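**Q** Following this message is one structure expressed as structure tokens.
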Amino acid sequence: MRRNLFLILTLFFFVSTFTGCDSGPKITPLPADAVILAFGDSLTHGTGAADGQSYPEVLAELLGRQVINEGIPGEVSARGLKRLPEVLDEYAPDLVILCHGGNDFLRHMDQDRILSNLKSMIGLIKAHGAEVILVGVPKLGFGIQVPEFYAKLAEEQAIPFEGDILVDLLSDNNMKSDTIHPNAIGYRLMAEAIYQVINQAQQK
């Protein structure tokens with residue numbers, strides 16, 4: 001009986017491991033000269049940390065590839081949507097990390113409009129031939145949580161999604177510079193989380 005249980009558990013472990021490695025949307029492996037664009041607002045810009053400590057700058061170190069920081073503090077998603085085509089034309093990125101929506105929440109904007117703007121941004125990025133990774137942004141209120149539409153949008157668009165890291169950081173006073181921005185340690189952890197998503201998504 002014990003031997004049979006051991007064999008069942010061992011088989012479950014290997015099946016789970018194999019399935020886990022193959023789960024989730026994939027991206028084309030990034031070449032050594034890949035251009036990665038980090039697009040968003042102050043969370044991308046690195047507000048709350050010194051120069052060189054934003055998540056795109058740390059991610060560039062981890063990946064050993066160029067990561068362009070196109071974060072504009074205070075930008076809402078509608079403005080980001082208008083700005084995005086020119087940025088895509090300028091840099092022709094291979095991969096875009098999209099982290100947007102926080103300022104919309106702070107201004108109590110309609111969530112359907114935020115979703116529409118994010119969906120349009122993803123469409124523009126794909127039309128330019130780039131891959132997309134979506135980062136979920138928490139909505140502050142009674143607790144800190146990422147609205148469900150981020151995960152649903154990522155699933156619908158079949159793109160990799162990071163929906164936990166900002167909740168973790170903004171729930172820990174040791175990881176943030178104010179109520180809505182990480183500090184240098186927080187941005188490093190954010191970069192590491194996105195790095196893991198990229199690595200997982202590149203696995204065949």
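The values are calculated or read from the model by the stated rules, or taken from the named source; none is laboratory data. Quick caveat: nothing in here was measured; it's all calculated off a predicted structure. Glycine also receives a Cβ, built like all others from the backbone with ideal geometry; neighbour counts cover every protein chain displayed.
**Q** Take the conditions of a type in the set (S, T, Y), closer than 19 Å to A154 by Cα and touching a His at 6+ places or on another chain (Cβ under 7 Å) and apply them to S54. Does it pass?
**A** No; evaluated as a whole, the condition is false for this residue.
**Q** Scan region 168-183 for residues that are crowded, with 17+ Cβ neighbours inside 10 Å and assigned to a helix (DSSP H, G or I) and jot them down.
**A** Residues satisfying the conditions are L169, L170, M175.
**Q** Here is a further query. Applying the selection to region 32-72, what residues are part of a strand (DSSP E or B) and either without any contact (Cβ under 8 Å) to a residue 24 or more places away in the chain or aromatic (F, W, Y) (or both)?
**A** F39
**Q** Determine, yes or no, whether E192 is part of a helix (DSSP H, G or I), within 22 Å of D51 (Cβ to Cβ), out of contact with any helix residue (DSSP H, G or I) (no Cβ under 6 Å at 6 or more places or on another chain) and at pLDDT 95 or above.
**A** Here the answer is yes, as E192 does meet what is asked.
**Q** Taking the conditions exactly as written (under 17 Å from the mean Cα position of the chain (by Cα) and touching a residue at least 40 places away in the same chain (Cβ under 8 Å)), does V146 satisfy them or not?
**A** Against the criterion (under 17 Å from the mean Cα position of the chain (by Cα) and touching a residue at least 40 places away in the same chain (Cβ under 8 Å)), V146 does not qualify.
**Q** To continue, here is another question. Test of understanding: among Y55, Y91, which residue is of a type outside the set (V, I, T) and crowded, with 22+ Cβ neighbours inside 10 Å?
**A** Residue meeting the stated conditions: Y55.
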